[in-house]
Amino acid sequence: MQPSDFFAPASIGEMRVSNRVAMAPLTRARADLEGVQTPLAARYYSQRASAGLIVAEATNISRQGRGYAYTPGVYTDAQVRAWRQVTDAVHDAAGTIVLQLLHTGRISHVSLHEGSRAPVAPSAIQAGGTVLTAAGMLPPSMPRALHADEIPGVIDEYRHAARMAEEAGFDGVEIHMGNCFLLEQFLRDSTNHRDDHYGGSIENRLRLPVEVAQAVAGIWGAGHVGVRLSPVKTTIGETPLDSDPQSTYGRLAERLGALGLAYLHCIEERAPASALGAFDFQSLRRAFDGAYIANGGYDRALAAEAVASGHADMVAFGKAFIGNPDLVDRLREGWPLTEAGPETYYGGSAKGYTDYSRYQAA
Ligand SMILES: Cc1cc2nc3c(=O)[nH]c(=O)nc-3n(C[C@H](O)[C@H](O)[C@H](O)COP(=O)(O)O)c2cc1C
């Protein structure tokens, strides 16, 4: 794609977007305990339908994939019916919406699992930090390592969720390979200590992420499937970096690009300088050789510059979309932005969710 105007339409894979502003996936933890969205979600997303592309919040592909209470799923009929209301509302407002597919792996708690079973991970290494449970914030539980013969079942869960997302009326899906969740736990040698086909060498560690991408592309067609990566993020689960992120993620981007996927979406946080020096996101982009969505700390000027210079095809905004449903208009017109309070980020109801209004000049 050619460098162009921030507010001009474009094609991202086989999806048409009306401008280069994407809404980053934002977990808001307002579904019920069965992972079913309430009608408020339809209102929330349709209010933000002027985004060129909405990436709907991380959504559990299976019961085993859950890591946080009150997050939505896309594996039961009731969940799909609720999501259908969301996609209908967004399409009525002329928006484009893809669903982010998530398995949290070790970032989870036994209380979220049937029979209080342990969460699963590449290796039995406990995460730090906390996760949201029905009883409040608790440290993640000790996971158990997936047996090699269980891995086809995990891929089948992604396939099922991908089919359900199609039934729910989405325009595509984004596979979450970032934020230190299951697929990234397989990628990084800090969290993957396996000695079978799914651990050890870079090729082995990226085997599951690539197999999942192939399976999901088999359902949707590659042009409707994006991937999110966060090679230098460590905050979730206090997860250490890979020992050689540039090579590991570079090779992954190349393999994903060869599948012809719609886009690569990167959270471009800076690694601590002492750890690695600067990570070169443009080299990932070149390796992928398809549409690139940049995210992380962008403002109006940086985003417009990123698109104009050809650094990115789209820029995703996260926090700014919470308080500004009309973010695209505000960016276009240079109107001031409303800062949303973090206390209503996760959980609750309409307050801090659907009650932010469009900009009105004084
Ligand atoms: C409340 C909140 C929820 C988030 N939920 C998700 C999520 O579900 N999936 C994901 O990949 N990233 C999630 N993120 C990260 C954002 O998508 C984004 O990468 C981050 O906010 C940085 O972009 P920004 O500087 O434009 O806010 C979340 C961030 C926030 C603040």
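The values are calculated or read from the model by the stated rules, or taken from the named source; none is laboratory data. In this text the structure is predicted, and so the values were computed from the model without any measurement. Positions of Cβ are generated from backbone atoms using ideal geometry, with glycine treated the same way; all protein chains shown enter the neighbour counts. When the accessible area is computed, the model is the full protein with side chains, heavy atoms only, and any ligands, DNA or RNA have been set aside. Shrake-Rupley method; radii C 1.70, N 1.55, O 1.52, S 1.80 Å.
Compare Arg20, Arg255, Arg117 in a GNM of the chain, Cα atoms joined below 10 Å, and give the one with the largest fluctuation.
Arg117
With a sphere of radius 12 Å drawn around the Cβ of Ala31, what net charge do the other residues whose Cβ falls strictly inside it have (Lys, Arg +1; Asp, Glu -1)?
Numbers: positive: Arg28, Arg30, Arg66; negative: Asp32, Glu34, Glu57.
So the environment of Ala31 carries a net charge of 0.
Can you give the direction-averaged projected area of the convex hull of the alpha-carbon atoms in segment 54-298, in nm²?
Values: hull surface 51.0 nm².
For segment 54-298, the mean projected area of the Cα convex hull comes to 12.7 nm².
Quick one: pull the percent of accessible area on segment 54-298 belonging to carbon and sulfur, 1.4 Å probe, ligands and nucleic acids left out.
Carbon and sulfur: 49 percent of the exposed surface of segment 54-298.
Give me, ordered by chain and number, the residues 5 or more places off Glu174 or on other chains with an amide H under 5 Å from its own placed amide H.
For Glu174, the qualifying residues are Leu99, Gln100, Leu101, Gly226.
Using 7 Å Cα-to-Cβ label points, what is the Ala258/His160 separation (nm, one decimal)?
A separation of 3.0 nm, rounded to one decimal place.
Could you work out the longest stretch of the chain that avoids the chymotrypsin sites (Phe, Trp or Tyr not before Pro) located in DSSP loops with at most 16 other Cβ atoms within 10 Å? Kindly include the intermediate steps, with their values, before the conclusion.
Numbers: sites that count: Phe7, Tyr345, Tyr359.
Counting only loop sites that pass the neighbour cut-off, the longest clear stretch is 8-344.
Quick one: what does P(r) look like for segment 92-187 with 5 Å bins over all Cα pairs, in whole %?
Percent of pairs per bin, in order: 3, 12, 19, 21, 17, 14, 8, 3, 2, 0.
Taking R0 as 45 Å, what FRET efficiency do you get between Asp32 and Arg286 from their Cβ-Cβ distance, rounded to the nearest 0.05?
For R0 = 45 Å, the calculated efficiency reads 0.55.
Filter the GluC sites (Glu not before Pro) in segment 3-112 to those in DSSP coil with at most 15 other Cβ atoms within 10 Å of their Cβ, and list the result.
Glu14, Glu34
If I stretch the segment between Ala350 and Asp244 completely, what's the gain in nm (0.36 nm per residue apart, minus their alpha carbon distance), one decimal?
Separation in residues times 0.36 nm, less the Cα-Cα distance, equals 33.8 nm.
Using a 7 Å offset from the Cα along the Cα-to-Cβ direction at both Ala361 and His197, what is the distance between the two label points in nm, to one decimal?
6.4
Before rounding to the nearest 500, sum -39500 (n - 2.57) across all DSSP H runs of length at least 4 in the chain and divide by the residue total; then give [θ] at 222 nm in deg cm²/dmol.
Details: 12 runs with 113 residues, N = 362.
Only helices count here, giving -9000 deg cm²/dmol.
Leaving out ligands and nucleic acids, and using a 1.4 Å probe, what accessible area per residue does segment 67-120 come to in Å²?
Per residue, segment 67-120 has an accessible area of 34 Å².
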